[in-house]
Every structure is written in C-alpha cells, then in structure tokens.
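Presented below is the structure to which this report refers.
The values are calculated or read from the model by the stated rules, or taken from the named source; none is laboratory data. Fair warning: this is a prediction, and the values are worked out from it, not measured in the lab. Backbone-built Cβ (ideal geometry, glycine too); neighbour counts: all protein chains shown. The protein model used for the area step is the full one, side chains on, heavy atoms only, and it has no ligands, DNA or RNA in it. Shrake-Rupley method; radii C 1.70, N 1.55, O 1.52, S 1.80 Å.
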Amino acid sequence: MQVHTTDFPGNYPGYEDAWDQRRFEEAFRVDVIREEGDTLEFDMVGIDAAIANAFRRILLAEVPTMAVEKVFVYNNTSIVQDEILAHRLGLIPIRADPRLFEYRNQGDQEGTEIDTLQFQLKIKCKRNPQAAKESSDPDELYFNHKVYSKHMTWVPLGNQTDLFPDADFRPVHDDILIALLRPGQEIDVLMHCVKGIGKDHAKFSPVATASYRLLPDITLLQPIEDEAAETLQKCFSPGVIEIQNINGKKVARVANARLDTFSREVFRHEGLKNLVRLARVRNHYIFSVESTGILPPDVLVSEAIKILMGKCQRFLNELDSVSME
C-alpha cells in the first residue's frame, strides 16, 4: 500500500511501528522526573502521539473540579459591575476535592449538600479614624479597601458540617484581588460552587498548563574540537553540550539532549550544520503538568488515566452491543 500520510505503519524506513501488544508491554514505561509543588514533569515512553494527546486533552478538559457557578448579589456598591464581579469570582480556583461531590442535575436550581459548596463574600470599606491627616496611602486611610479571595468564607449547606468534619474548603490562593473599595462601598454576595469539567467552561480546568514534547536526539556526526566546539556549545541551551579536555584538545560531546529547545541555531553556521544531526525520539514524550492547586498534579494524572480507561471500556461495550445485534 502506498500512502502519503503517517496514519499507517511502514512509513519510516527501518522503523517498525505496527501495533504489537507484546512489544508495547515491554517498551512502555512512565518515569517521574521532577515533582515540585504544583508542577510535575514525567516521561511516557513507548506510546503513540494519539495516546499522548489524549492524556493532554483529558487533563485540560475532562478532569472535574469545583468552581463558582452561580453568584447571588445582595449588595454591590463597588465600581465593579455585577457581571464582571461574578466572572472574576468564577475564575478563582477552589480548594475542594471534586471526588467528594456529585454532578448537579441539569435544571436543578437549588443545590444540596452532595453537589454544591456555598461561599459568602461580605465586606464593607470604612475610613480609618487613626490615620495621619497628611497620609495619602490607602492602606493607612481605609479598612477593607482591598477585597481578596481570603475574604470568601465557606457556609455549610445541610449536613455538610457532619459530612466533612475536617474539611477546609477555601480558595487555593488567599491573595487574589477581586475588587477595590472606598469608604461606604460594600460587597455582599453568596456563591454556589458546582462540579464541572473544562470542556463546559475553562474555569473548571484543573491545570494551568498541560503539554508534552518529544525527547530531542542530538548526534555529532564527527568529532568537533577547539574553537568549533565552543561555537557549538553556544548554539544550544546551557547544559546540552559540554566540552571535555582530551589530550590537550577541547572536544564537544552531547551531555543532556533533554535540555535542548530546538532553536536550530547550529544550522546558521556553515562549518557546523553538516556535522550535527537533530532529531526527536518518536515514542518518548516529555509531559509537563502544572496544577492550579485544586488537586496535586500526580492525582490529576491518575484521574486522567482513569477517565481514559473509562472511555476505552465504553467503546468496548459499544462494540459488544453492536456485535450482539
């Protein structure tokens, strides 16, 4: 078969990419490279681009979280319009494990303890009578003139106090600025948070970013020495090329191709462009996941795997039902 796309195996000479379960089980692995706070970097080796992209899209759009869905405005005399205020509140990430809650049924107007979290934001700006007369600093002149996410307080619904005795439902970050007030202005709103997915609205997305790239593969086709070695080192990101002193000569070698950003700077140098081959390892994906703080990034990845497994199972069930018909 002659094809002009990469949708079928056999497109790359010397590379066998036809599916084989035994070979997949032997080659597939996941290596956690770095986990710091809300950031996780890991390698997924032995998979196809379709699987890698499925993980990325599920992380972005199908792992559920809790977010503000309805805002009941009882009083808002700030300069921020009600609609803008509601939008800003909706984008504040809420530290609440979505696995503890159910999806709200479509059409339900009133929330229950199993599908809704309720928060209140009630704050009023007042003048500081102790402020110096010559002061012009709002921090000295006024009380509560900056409305932060830390002012949002959880108001239990129904028997949530008993359901979640150790719960600490609150915004992920306390220092998100919501609005600025002046004496006499106040905000009094009630918020309902529900469970949702990023496919419905970006506010439900559990990640700030989720991306992948292929592992760079850098090959020096012949020894590169002395001044050329130093020029080669400057063509790549720090740490990619190192220079060794061998028999009094400076010799370049590839130290860590993973750090390369594929700037292709080396191809601007006539004396070097034919001495270096840049490629990518076709089945080695470097994932970078940055959580918004609602759930740890390793939990997000495991939840994404469960969702993908559920999709596969539903597909198999559909095939079974079709074959039975």
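Against the definition (of a type in the set (Val, Ile, Thr), in contact (Cβ under 8 Å) with a residue 60 or more places away in the chain and either surrounded by fewer than 18 Cβ atoms within 10 Å (Cβ to Cβ) or under 24 Å from Pro64 (Cβ atoms) (or both)), how does Thr161 come out, yes or no? Please lay out each step first, then the result.
Values: of a type in the set (Val, Ile, Thr): yes; in contact (Cβ under 8 Å) with a residue 60 or more places away in the chain: no; either surrounded by fewer than 18 Cβ atoms within 10 Å (Cβ to Cβ) or under 24 Å from Pro64 (Cβ atoms) (or both): yes.
Taking the combined requirement at face value, the residue does not satisfy it.
Out of curiosity, is His173 open to solvent by 50 Å² or more (accessible area, probe 1.4 Å) and either out of contact with any strand residue (DSSP E or B) (no Cβ under 9 Å at 6 or more places or on another chain) or in the same structural domain as Asn76 (by the TED database) (or both)? Outline the logic, then answer.
On the way: open to solvent by 50 Å² or more (accessible area, probe 1.4 Å): yes; either out of contact with any strand residue (DSSP E or B) (no Cβ under 9 Å at 6 or more places or on another chain) or in the same structural domain as Asn76 (by the TED database) (or both): yes.
In short, yes.
Quick test of your reading of the structure: Lys203 fulfils all but one of (1) more than 29 Å from the chain's Cα centre (by Cα); (2) in a helix (DSSP H, G or I); (3) crowded, with 16+ Cβ neighbours inside 10 Å. Name the failing condition by number.
(1)
Val301 - would you say it is surrounded by 12 or more Cβ atoms within 10 Å (Cβ to Cβ), β-branched (Val, Ile, Thr) and more than 19 Å from Lys203 (Cβ to Cβ)? Steps first, please.
Working: surrounded by 12 or more Cβ atoms within 10 Å (Cβ to Cβ): yes; β-branched (Val, Ile, Thr): yes; more than 19 Å from Lys203 (Cβ to Cβ): yes.
It is true that Val301 is surrounded by 12 or more Cβ atoms within 10 Å (Cβ to Cβ), β-branched (Val, Ile, Thr) and more than 19 Å from Lys203 (Cβ to Cβ).
Being assigned by the TED database to the domain that holds Phe42, at negative phi, in contact with a helix residue (DSSP H, G or I) (Cβ under 9 Å, 6 or more places away or on another chain) and open to solvent by 60 Å² or more (accessible area, probe 1.4 Å) is true for just one of Arg268, Arg282, Arg277. Which residue is that?
Values: Arg268 fails: in contact with a helix residue (DSSP H, G or I) (Cβ under 9 Å, 6 or more places away or on another chain); Arg277 fails: in contact with a helix residue (DSSP H, G or I) (Cβ under 9 Å, 6 or more places away or on another chain).
From the options Arg268, Arg282, Arg277, the qualifying one is Arg282.
Enumerate the strands (runs of 3 or more DSSP E) found wholly within region 51-161, keeping only those where 3 or more residues are under 24 Å from Thr209 (Cα atoms). Explain how you work it out, then say what you get.
On the way: elements: 65-76, 117-124, 146-148.
Strands (runs of 3 or more DSSP E) meeting the threshold: 65-76.
Considering Val155, Val147, which residue is in contact with a strand residue (DSSP E or B) (Cβ under 7 Å, 6 or more places away or on another chain), open to solvent by less than 10 Å² (accessible area, probe 1.4 Å) and not small (Gly, Ala, Ser)? Spell out the reasoning first.
Values: Val155 fails: open to solvent by less than 10 Å² (accessible area, probe 1.4 Å).
Testing whether each residue is in contact with a strand residue (DSSP E or B) (Cβ under 7 Å, 6 or more places away or on another chain), open to solvent by less than 10 Å² (accessible area, probe 1.4 Å) and not small (Gly, Ala, Ser) leaves just Val147.
Go through Glu290, Glu227, Glu270 for me and flag whichever is part of a helix (DSSP H, G or I) and of a type outside the set (Ser, Thr, Tyr).
Values: Glu290 fails: part of a helix (DSSP H, G or I); Glu270 fails: part of a helix (DSSP H, G or I).
Unique residue meeting the criteria: Glu227.
So in region 109-144, with the set limited to residues that are of a type in the set (Ser, Thr, Tyr) and under 31 Å from the mean Cα position of the chain (by Cα), which one is least open to solvent (accessible area, probe 1.4 Å)? Before the answer, list the steps.
Taking region 109-144 first, the residues of a type in the set (Ser, Thr, Tyr) are 112, 116, 135-136, 142.
Keeping just the survivors that are under 31 Å from the mean Cα position of the chain (by Cα) gives 112, 116.
Details: Thr112: 56, Thr116: 0 Å².
The extreme case among them is Thr116.
Of the residues that make up region 235-248, is at least one out of contact with any Gly (no Cβ under 8 Å at 6 or more places or on another chain) and assigned to a helix (DSSP H, G or I)? I'd like the intermediate steps shown before the answer.
So in region 235-248, the residues out of contact with any Gly (no Cβ under 8 Å at 6 or more places or on another chain) come out as 235-248.
Adding the requirement that they be assigned to a helix (DSSP H, G or I) leaves none.
No - not one qualifying residue is present in region 235-248.
Can you spot a residue in region 181-195 that is assigned by the TED database to the domain that holds Pro156, within 19 Å of the chain's Cα centre (by Cα) and surrounded by 15 or more Cβ atoms within 10 Å (Cβ to Cβ)? Outline the logic, then answer.
Filtering region 181-195 down to residues assigned by the TED database to the domain that holds Pro156 leaves 181-195.
With the extra rule that they be within 19 Å of the chain's Cα centre (by Cα), the set shrinks to 195.
Right, trim to surrounded by 15 or more Cβ atoms within 10 Å (Cβ to Cβ) and you get 195.
Yes, region 181-195 contains at least one residue that is assigned by the TED database to the domain that holds Pro156, within 19 Å of the chain's Cα centre (by Cα) and surrounded by 15 or more Cβ atoms within 10 Å (Cβ to Cβ).
Just need a number here: residues in region 245-263 that are in contact with a strand residue (DSSP E or B) (Cβ under 9 Å, 6 or more places away or on another chain), open to solvent by 70 Å² or more (accessible area, probe 1.4 Å) and of a type in the set (S, T, N, Q). Can you show your working first?
Keep residues of region 245-263 that are in contact with a strand residue (DSSP E or B) (Cβ under 9 Å, 6 or more places away or on another chain), which gives 245-246, 249-262.
With open to solvent by 70 Å² or more (accessible area, probe 1.4 Å) added as a condition, the list becomes 245-246, 249-250, 253, 259, 261.
So of that shortlist, the ones also of a type in the set (S, T, N, Q) come out as 245, 261.
Qualifying residue count for the region: 2.
Looking at the structure I just gave you, is Gly46 surrounded by 15 or more Cβ atoms within 10 Å (Cβ to Cβ), on the phi > 0 side of the Ramachandran plot and of a type outside the set (Asp, Glu)?
On the way: surrounded by 15 or more Cβ atoms within 10 Å (Cβ to Cβ): yes; on the phi > 0 side of the Ramachandran plot: yes; of a type outside the set (Asp, Glu): yes.
Yes: the conditions hold for Gly46.
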